[in-house]
Amino acid sequence: MKNTDIKHFKMIVSDMDGTLLRSSGHISEYTIQTLNKLYDMGYLIILNSGRPLVSILNNTKNLKFNYAIGMNGQVIYNNKTKAIKYNASLNKMDIKQLYELACDYHVVTNLHDGKNAAIVFPLKIILFALSYTLAEKFRWIANQKKSADYHIYTNIDKVPIDTIGKVCFAGQSKEISKLKDAILTNFDKYNAVCVSPNWLEVSDNKVSKGNAIKMVAKDENIDQGQIIGFGDGENDISLLEASSLKIAMANAMDSLKAKADIIIESNNQDGVAKFLEEHILK
C-alpha cells in the first residue's frame, strides 16, 4: 500500500454521494462517529460534493467537519467562520449554449444556482422525460429536490436564473456519453464529468473539486503529501489528483478506479469509515 504511515496525514477529503452517503441517501451513525473522532483528534475533515451547499449542510447535521466544498468546487464553506467563497460561475449565454447542444440528445437539463434549481424538458422529448422521472436512474433529481426549490420549464429562455454553478444532464448512458464528448469537442471553456453513467455535470473549466482542495490546503498550510482523498465518480478524478493517497470505493466508476492507489469497500458497507478506523484509530 502506498503511504502506509497514514496517521501522519492531516487532511481527509471525501465525496458524499456514493462515498460517504449510502444509497439510501444518508450517512450511517458509524461513519458519523468515526469522522467525529478524527475531527476531535485534530484531523481536517473536508466534504467535497457536487451537491449545492444547502444540500450538504442538510445532510450533515450531526457530523463535525471543517470545510464543505459544493457544486464540484464552485463554492467553499468554512464551517468554523461560516464564510463562503465562490469560484467561477456560468452565465446565461453558457446555459443556453449547453442546453441547445443537449437538445440533440434524449436528456433532461438541470440548472443549479446553489439554492434554487430548474428542470428543463424540451417539448419534443416531454413524454420521454416524464416517463424517465419514474426510473431509478433519475433518482439524483428526487434526492436533491428535498433541499432545493425546483421549478419545471419547457423553454430555456423562461428560466429566471442568470448565473449558476453547474448545468446537469440526466439520461440514458449512451446519450450522456455522446453529449459529454460533444461538449468537450466543441468547447474548451467547460469541464464535463460524469457522476454516474446517467448523470453529467458541466461547469466552468476553472472549477473542480481538485482546485477547491488546493485552495483550502493553501489556507490551512497543508501540503499535498498530507491529504487523503476518497471518491466514486468521474467528478472525483480531480479530487484524487489533488490528494497524496488516492482511494476509490468498490462501487466507483472504472475511470476513477484507474486513478486510485487503493480500492476499499463500497459506500453501503461504510468503506470510508472502516478504512479510517483500521488505519488511524486502531
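The values are calculated or read from the model by the stated rules, or taken from the named source; none is laboratory data. Keep in mind that what you see is a predicted model, and the values were worked out from it rather than measured. For neighbour counting, all protein chains shown are included, and Cβ atoms are generated from backbone atoms with ideal geometry for every residue, glycine included. Accessible surface is based on the protein model in full, side chains and every heavy atom, while ligands, DNA and RNA are left aside. Shrake-Rupley method; radii C 1.70, N 1.55, O 1.52, S 1.80 Å.
Some points to look at:
- The gain in end-to-end length when the Ile6 to Lys282 segment is fully stretched comes to 98.2 nm, 0.36 nm per residue minus the alpha carbon separation.
- Report summary: the helix-based calculation at 222 nm, which adds -39500 (n - 2.57) for every DSSP H run with n ≥ 4 and divides by the residues of the chain, gives -8000 deg cm²/dmol.
- For the chain, the longest principal axis of the alpha carbon atoms and the long axis of helix 209-219 meet at an angle near 40°.
- Here the contact order of the chain, divided by its residue count and restricted to Cα pairs under 8 Å and six or more residues apart, works out to 21 percent.
- Theoretical gain in end-to-end length, Asp104 to Val54 [0.36 nm per residue, Cα-Cα removed]: 14.8 nm
- Measuring nothing but protein heavy atoms, the accessible surface of the chain at 1.4 Å probe radius is 49 percent carbon and sulfur.
- Zero-based 10 Å bins, Cα pair distances in segment 1-53, whole percents: 21, 48, 28, 3
- Separation of the Asp261 and Ser23 label points, Cα + 7 Å toward Cβ, nm: 3.0 nm
- Distance cut-off 20 Å, percentage of C-alpha pairs in segment 8-91 lying past it: 29 percent
- At 0.890 mPa s and 25 °C, Stokes D of the chain from Kirkwood alpha-carbon radius, µm² per second: 129 µm²/s
- Lys pairs, segment 155-241 - Cα-Cα below 19 angstrom, 8 or more residues apart or on other chains: 15
- Between Ser177 and Asn62, the FRET efficiency estimated from the beta carbon spacing at R0 = 45 angstrom works out to 0.75.
- Between 0 and 90°, nearest 10: helix 173-186 axis offset from the chain longest Cα axis: 90 degrees
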